Amino acid sequence: MIPGPFSYHRPASLADAVKLLADLGDDARPLAGGHSLVPMMKLRLATPAHLVDLHGVDDLKGIRRDGNTIVIGAMTTQHELLASGEIRQSLPILQETAALIADPQVRYCGTIGGNVANGDPGNDMPALMMVLGANFRLSGLGGERDVPASEFYQGAYFTALEPGEILTSISIPVPPAGHGYAYEKLKRKVGDYATAAAAVVLSMAAGKVATCAIGLTNLHETPLLATDAANAVIGTSLEAATLKQAAAAAEAIMAPAADARGPVEYRKHVGGIMVMRALQRAAGRAA
Amino acid sequence: MNDMTPTREQRTAALEGMGCKRKRVEDIRFTQGKGNYVDDVKLPGMLHGDFVRSPHAHARVKSIKTEEALKVPGVLAVITAETLKTVNLAWMPTLAGDVQMVLADGKVLFQNQEVAFVIATDRYAADDGLNKVEVEYEQLAPLVDPFKAMDQDAPVLREDLAGKTTGAHGPRKHHNHIFEWTVGDKDLTDTAFRKAEVTIKEMISYHRTHPSPLETCQCVCSFDKVKGELTIWGTFQAPHVIRTVVSLIAKLPEQKIHVIAPDIGGGFGNKVGAYPGYICAAVASIVTGKPVKWVEDRIENLTATSFARDYHMTTEIAATREGKVTGLRVHVLADHGAFDACADPSKWPAGFFNIVTGSYDFPTAHLTVDGVYTNKAPGGVAYRCSFRVTEAAYCIERAMDILAQKLGMDPAELRLKNFIKPEQFPYHSALGWEYDSGDYHTAMRKMMEVTDYAALRKEQASRRAAFKRGETREIMGLGVSFFTEIVGAGPSKNCDILGIAMFDSCEIRMHPTGAGIARMGTKSQGQGHETTWAQIIATEIGIPADNIMVEEGNTDTAPYGLGTYGSRSTPVAGAAIAMAARKIKAKAQMIAAYKLEVHEDDLEWDIDGFRVKGLPEKFMSMKDICWAAYNSVPPGMEPGLEAVSYYDPPNMTYPFGAYLCVMDIDVDTGVYKVRRFYALDDCGTRINPMIIEGQVHGGLTEAFAIAMGQEIRYDDTGNVVTGSFMDFFMPTMVETPHWETDFTVTPSPHHPIGAKGVGESPNVGGVPAFSNAVNDAFSFLGSTHIQMPHDFWRNWQAAKTLGAVA
């Protein structure tokens, strides 16, 4: 558990960081909170020759509201999300989810940008970003571009990020007042990745589900938007049979790996249960 | 007397002796980051070593190329088995009478086995170097399943044993067989089973797990070429044994070996044995003439140094229809991995597993244990338990529940019916032990009363009915466990390690001002010896515990002892401390008699000094006696006040306890919740109730981890799949249940202060309580036994198998 040799860089501006990454090419990796990359380096599963630490770039920090959009700098830590009054008011599901990530020590360092950009199917934020309709702003030598979260994830650790590009901020449209939300995560212990998790954001009208989005974590090589499951509940009052239908629709798109958390059959089964529980809890919260 | 004269209660309290909830003195440095652990040892010019390890479980080593590694800046040397052969150290003896490769000699026999040792100027360079060592392997068929170890066509693992039909413990019946151990009366037991009205039979597995202490195994070896002396700082639970072993295998004079075990961050059995890292660091230091540090990382600790358990116990009980047990038959298949490196007393290949009759009056029993080799890491250490006692307690406590289920009896009632009765002590068990004392009925009834066991059973019945009506998806289990431990190894008549009797020792030196230092052959790894040992002395000789410094772990200054494991410290060293203190007190009495000008027999002990009988004002405090010992002893007496005691216990001690676990399980996810856990422990005389409570909390937490998910699991190719804390279940405070502790006190009749030891009881008794709770929860759905560990997915799988989940 000792990393190999590497050079350390700490650029002071986004432009410098982008240039460094472009100049150093494939041998360089940007470093955010470090809680995925550094363990991989200690196991020598990742051996970047250069680390470009983004902590010196002030522009990457902060949470602000821009009309009906919340913009979160990529280097904002999970702890900062949890401490933010703006997030509490506008995007409470972000706090519910952040509180289920690892433990307080990790959350002081781990960043939302690192969490969403790494492409690790076990990370909790990506599915949530898809449910919320978030956009990721990517900066590279060629300039800036926005990619919707729903188009960002291509495979385990494969994303829309081009070599040399940095994810700089996340824009999330504020869900309507009175929306219901829930993130249900089954894990073996504090600090573990999800055995299965489901994110739900919905709105209710006259006792029936008016809008609904369902996201799934760690049940496929990428986070998933369970569209069929969401459609199955729209217009219903979430009766027992409807919930089962939604769970079945969600399970149909799951393809988790068997691991020490359990065999495939179990992980899909509890994935369905997380969907049902998240739907019920979200509906209970909706005005 | 005036108002300032302290009362007897105040004088007793001022000592902070036995029974006092004295705060742990060692915590002052630990909580301020001022502990001194092996990795804190930094010597000038110190080098660092690290291992190249095998990726394969079973392979022939065709070649090892070190040229590229030696080109890495900072790398000084690479040691292989060939290097070690030049000093005859390619193999080392194990504590169990087997031999073990220090570095791969022609073959590797388990994943992460040590293949080469890279020595460099710093840890980074060592790791850079080991990645450049090129090893060519030819993979061989791995043997992972112990049940296939003795198949006719099973691969030959230990080529070094070819033709050896006898091992350290008798005949070997197969090339992968290590020993067969038999205890008890076979004929009588067979007869009991023939006549039995009711019998049960179940294969009860106790899976492979690992002690996983917070601090991994490590050492710093420093050889002084001029003096020819070797100093070793190491994470050793038994430093003197290490010194003797090093002397014997390295052929160094024992007086020139200095072993120092500084502060240790947990051991739990992991730090009893000798590991290749120690040998390689010592050889590296001898070769380079510089200090060499070796520090294991977490993955190495979990996958290469001593696992625990891996016992597969086919268990049968014979009984009457009324539930009186009449016979016990157990066959154990013991998976020892690639080398038999169990850390048991030498004559006990399966430890004290013959305590398997538990707390029950079995008229007859018969036990056989077969040890086999597999392509897994060696070990088989006593993970927070006396040697194989945890396995035995799990076996009998699970089996008693299975019998209760078959008889339709309540498991607590079945136990009460079969307990050894108080008047039967000392009790001779069918498998050869003499239980010193116990009052099982009182402990069990107290547990049932405090927890309102009857009401819990009623609640369970109504919840089961509700489950069957489809009103709830939760099932409720009550896990009863009543354990008897056997600790305090041990009497020289039956316990030794490599020929050294398992006594322990204490040396006390009192200083003129009424303070003192006490040294023991034990070694705390977190047990709080610096606190509790001083409390025994305080009560025995009337000097405040704060005035006694306790020192352990330096073989140059401490008297020879066998170390700390198997809950032996209080039963053995604790007795030595009391006996040494009594020698001090006896001499003190002579000095006091001389100073008070009376005959010794006219003196009586009074809390913190001697008083002349009938003359209360004629009193000499122990503090004053200490001063007198250095200036005015009776004519003919040697000055000074010191004593040494080497204590050979006449018997083991037998702590016991009654535990209850109340658990709810969601059948849809398998997620469990421990609603309540009650632990009543009887460890005899209680030295420090706060430390006992802490020990029980820690042991229960480990038991919880083991029963509910902690395992070292291998896939079919011998690849460890739980090799880090990501997958090896180490509960945090969030997962850990709340513990309710209680006690009864049945002092040991043969121990000087009546103490029995407690550190390991909660692990021994806790595992069956958790497992019985899970099994009890599922029993009404038709199951008799579900194997551990009971993690979420396995609970769900059980529910599914039993038809409770679609």
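No lab work stands behind these numbers, since they all come straight from the coordinates. Since the model is a prediction, treat every value here as computed from it, not as a measurement. Cβ atoms come from the backbone with ideal geometry, glycine included; neighbour counts cover every protein chain shown.
Observations
- For B:Phe387, the residues whose amide H sits under 5 Å from its own are B:Phe352, ignoring neighbours fewer than 5 places away on the same chain, with H placed 1.01 Å from N.
- Pairs of alpha carbons in the stretch A:7-51 whose separation is greater than 12 Å (percent): 61 percent
- Summing Cβ point charges (Lys, Arg +1; Asp, Glu -1) relative to the Cα centre of the stretch A:62-173 gives a dipole of roughly 220 debye.
- Using the Cβ-Cβ distance between B:Asp452 and B:Glu322 with R0 = 25 Å, the FRET efficiency computed as 1/(1 + (r/R0)^6) comes to roughly 0.40.
- With the highest mean first, a sort of the peptides B:624-636, B:104-116, B:585-597 on other beta-carbon atoms found within 10 angstrom per residue produces B:104-116, B:585-597, B:624-636.
- Karplus 3J(HN,Hα) series, Hz, for the stretch B:294-308 with 6.51 cos²θ - 1.76 cosθ + 1.60 (x for Gly, Pro): 10, 10, 6, 8, 5, 5, 4, 4, 6, 9, 10, 9, 3, 6, 9
- Couplings 3J(HN,Hα) for the stretch A:205-215, derived from phi with the Karplus relation 6.51 cos²θ - 1.76 cosθ + 1.60 (θ = phi - 60°), are 9, 6, x, 10, 6, 8, 9, 7, 10, 10, x Hz, where x marks Gly and Pro.
- Sparse packing (at most 16 other Cβ atoms within 10 Å of the Cβ) combined with a DSSP loop state is found for the following chymotrypsin sites (Phe, Trp or Tyr not before Pro) in the stretch A:145-200: A:Tyr157.
- Taking chain A as a Gaussian network of alpha-carbon nodes connected by springs under 10 Å, the highest mean-square fluctuation of the residues A:Gln245, A:Gln89, A:Gln78 belongs to A:Gln89.
- q = 0.17 Å⁻¹, the stretch A:62-173: log10 I(q)/I(0) [Debye, one scatterer per Cα]: -0.76
- In this entry, chain B is assigned a mean projected area of 38.2 nm², taken as a quarter of its C-alpha convex hull surface.
- Efficiency of FRET between A:Ala210 and A:Ser13 - r from beta-carbon atoms, R0 45 angstrom, step 0.05: 0.50
- Farthest toward positive dipole pole in the protein assembly as shown [+1 Lys/Arg, -1 Asp/Glu at C-beta], among B:His697, A:Gly271, B:Gly636: A:Gly271
- Charge tally in the Cβ shell below 13 Å around B:Gly35, where Lys, Arg are +1 and Asp, Glu are -1, B:Gly35 excluded: -4
- Simple Cβ-charge dipole of the protein assembly as shown, Lys/Arg +1 and Asp/Glu -1, about Cα centre, in debye nearest 20: 1000 debye
- The loop-placed trypsin sites (Lys or Arg not before Pro) in the stretch B:332-407, going by DSSP, that have at most 16 neighbouring Cβ atoms within 10 Å of their Cβ come out as B:Lys347.
- Mean projection area, nm², convex hull over Cα of the stretch B:191-321: 11.7 nm²
- GluC sites (Glu not before Pro) lying in DSSP loop within the stretch B:380-486, provided at most 15 other Cβ fall within 10 Å: B:Glu471
- Taking amide H as placed 1.01 Å from N in the peptide plane, the amide H of B:Ile178 sits under 5 Å from that of B:Gly371, B:Val372, B:Tyr373, each at least 5 places away or on another chain.
- When the C-alpha to C-alpha distance is required to be over 18 Å, the pairs from B:Lys71/B:Lys293; B:Lys164/B:Lys493; B:Lys225/B:Lys271; B:Lys595/B:Lys623; B:Lys251/B:Lys347 that qualify are B:Lys71/B:Lys293; B:Lys164/B:Lys493; B:Lys225/B:Lys271; B:Lys251/B:Lys347.
- Using C-alpha pairs below 8 Å separated by at least 6 residues, the relative contact order for the stretch B:380-482 is 17 percent.
- Farthest toward positive dipole pole in the protein assembly as shown [+1 Lys/Arg, -1 Asp/Glu at C-beta], among A:Ala241, A:Thr222, B:Tyr37: A:Ala241
- Taking a straight line from the alpha carbon of B:Lys673, these lysines sit under 20 Å away, with near neighbours fewer than eight places off in the same chain left out: A:Lys185, A:Lys187, A:Lys189, B:Lys458, B:Lys800.
- Peptide B:124-131 - average C-beta neighbours from other chains (10 Å radius): 3
- Over the protein assembly as shown, the ratio between the Cα radius of gyration and 2.2 N^0.38 Å evaluates to 1.02.
- Each principal axis of the Cα cloud of the stretch B:235-294 was taken in turn, and the coordinate range along them, longest first, works out to 32, 21, 18 Å.
- Extending 7 Å from the Cα toward the beta-carbon at both B:Val598 and B:Lys673 defines two label points whose distance is 6.6 nm.
- Positive-end residue, the protein assembly as shown charge dipole about Cα centroid, Cβ charges, pick of B:His428, B:Gly267, A:Tyr108: B:His428
- Residue-by-residue Karplus 3J(HN,Hα) for the stretch A:36-51, coefficients 6.51, -1.76, 1.60, Hz, glycine and proline x: 9, 5, 5, x, 5, 5, 5, 8, 6, 7, 10, 9, x, 7, 9, 10
- Between B:His331 and A:Ala248, the modelled label-to-label distance comes to 4.8 nm, taking each label 7 Å out from Cα in the direction of the beta carbon.
- Measuring r between the beta carbons of B:Thr732 and B:Arg469 and using R0 = 35 Å, the FRET efficiency lands at 0.40.
- Value of D in µm² per second that Stokes-Einstein yields for chain A, Kirkwood Rh from Cα pairs, at 20 °C (1.002 mPa s): 111 µm²/s
- Surrounding net charge for A:Ile101, when Lys and Arg each add one and Asp and Glu each subtract one, Cβ distance under 11 Å: -1
- Taking the Cα centre of the stretch A:7-51 as origin and assigning +1 to Lys and Arg Cβ atoms and -1 to Asp and Glu Cβ atoms, the resulting dipole is close to 200 debye.
- 11 Å beta-carbon shell around B:His511, net charge (K/R +1, D/E -1): +1
- Using alpha carbons only: equivalent-ellipsoid semi-axes of the stretch A:157-255, gyration tensor based, whole Å: 27, 19, 14
- Exposure proxy for B:Arg415, A:Arg281, B:Arg53: other Cβ atoms within 10 Å of each Cβ, ordered fewest to most, give A:Arg281, B:Arg53, B:Arg415.
- In a fully extended conformation the segment linking B:Met203 and B:Glu9 would gain 64.3 nm over its present Cα-Cα distance, using 0.36 nm per residue.
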